[in-house]
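Readers should treat all values here as calculations from the given coordinates under stated rules, not as data from a laboratory. All figures in this text were calculated on a predicted structure; none of them were measured in a lab. Ideal geometry is used to build each Cβ from the backbone, glycine not excepted, and the neighbour counts take in all protein chains shown.
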Amino acid sequence: MRYRPLFRLASGGMAEVWVARHKGPGGFVRPVAYKRMHEHLRDEESMVALSLDEVRIMGMVSHPNVVTLFDVGLEDDGTPFLVMELVVGLSLSKLKAVNHEPLSTAALVEIIAQAADGLHAAHRARSPTGAPLHIVHRDVSPQNILVGLDGRARISDFGVARADGGGHRTETGKVRGKIAYMAPEQMMGEPVTPASDLFSLAVVLWECITLERLFAGAQPLETVKNVLERPIPDVVEVRPTFPKALSDVIAHALRRAPAERFESGDAMAQALRAAAAEAGLERPSAHELSAVVAQRGGGTLRRLVGQVEEAFEGTTRADLFPPVATEPEVRPEDLEPTAEAPRRPMPLWIPFVLAAGVALAIGLAWTQRTGPEAASAPQAEPSQPAAESEALAPPVEVGVEPEAPPPTRPASPASRPARPNSAPRTPAAAAEEAPQPAVLAPGTADEPEQTMTSTPVGPLVDWGTR
């Protein structure tokens, strides 16, 4: 199996998300988010159709501020699953306030601007043939904006998104999504446009700044009435010290008439950044946003990071770096003669010289054994050719391999242990002695939102589950 689930990350009313290991050829390993539909829903055609719609739409959007879809398939029992990039971080619903302390205005504006960039990419997505897809997310909310430890915000969960080009469509008269963040036209069942998503995004920004709910009521019907009729206060009316330029941008995106809002996500992102600069706010870097996520995530995020690291510490070196069948590098000092090594042909005159040398040695030995008289006899000096012959080819015994000559090269500074008279190393032994590469190993649910849907939906959680 290419995907091995390691531990469950979150669970919602429709699906659960696991951290999984993706293994590929050549030792490829990476952590991914593995999203699978609950088993009790796999036989409901409408739920399966929604899951397939999410796959179809996510697969057509590619942008740094949109969660990337890697793969889709069916498990052995027929349960659909999606494989997406793993965003290690927090949803905006968790990030927006810790101990009732809001995010800094500069960080919050940049996160929402990046989310607007991601929505713009979805709204302007085209098919491979260049046809506009007219994608509308329809469920923009704090739970579906993820901010990773890489300092990047991403739009997630296209499960109720709409796009042209076929696929499952919501039945007439039925609306899906979180009603406290819906645009009025979406609430009324009218056609939705990119402006509908931007209205929802502006509601998210308004609530993150004020730490109050804009439309949510005690009951769903009260929430619906608030979305359609309640006067929308400017942010400066709730927070008088908030920059007026930014408050005006938010008010522009919250106009109830779609034609009066920003024409695109790109236009809204540019307006937010320009207003922040006008207010003297410096645009935070990815490193600074990463530090904000790490600080606000606290122990919960550290435990998640620890779980991921621990899971991938179990990955063996062979999994990450499988051995490659190549010959080991041969060093000059490792070269040793072998019995099979080719030898130079022996010159024809050497046997005669050897025979003369042996006869001379026998004669000398005999004269030494005969007594003092033999000692006074003149001694013959060994001839020079015999000395040369001994240097060229020392005598050997039958059946005994010649010993290797001692190495003439001095030991290297990195002192290697001497291996006199050792057997030649095999490629396998050399591979074992070669240096090995280092191993590079690579929540809780939010409070329930009021939803309007054809089937009951459970608590909404992070990581793109519903």
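Miscellaneous remarks
- By the count of other C-beta atoms within 10 Å, a proxy for reagent exposure, Tyr181, Tyr34, Tyr3 are ordered fewest to most as Tyr3, Tyr34, Tyr181.
- Residues of the stretch 118-151 with amide N under 19 Å of the 7 Å Cα→Cβ point at Leu211: 142-143
- Relative exposure of Ser141, Ser247, judged by other C-beta atoms within 10 Å (fewest first): Ser247, Ser141
- Take the Cα of Asp76, step 7 Å toward its Cβ, do the same at Val29, and the gap between the two points is 2.3 nm.
- Descending by average beta-carbon neighbour count within 10 Å, the peptides 110-118, 88-96, 65-73, 126-134 line up as 110-118, 88-96, 65-73, 126-134, the highest first.
- Convex hull of the stretch 209-318 built on C-alpha atoms - directionally averaged projected area, nm²: 11.8 nm²
- The packing ranking, built from the mean of other Cβ atoms within 10 Å per residue, places the peptides 255-262, 143-150, 57-64 in the order 143-150, 57-64, 255-262, highest first.
- Among the listed pairs Lys23/Lys94; Lys35/Lys94; Lys178/Lys244; Lys35/Lys225; Lys96/Lys225, a Cα-Cα separation exceeding 23 Å is found for Lys23/Lys94; Lys178/Lys244; Lys35/Lys225; Lys96/Lys225.
- Counting neighbouring beta carbons within 10 Å and listing from fewest to most, the residues Ser104, Ser264 come out as Ser104, Ser264.
- Chain lengthening between Ala218 and Arg302 when straightened (0.36 nm per residue, less Cα-Cα): 26.7 nm
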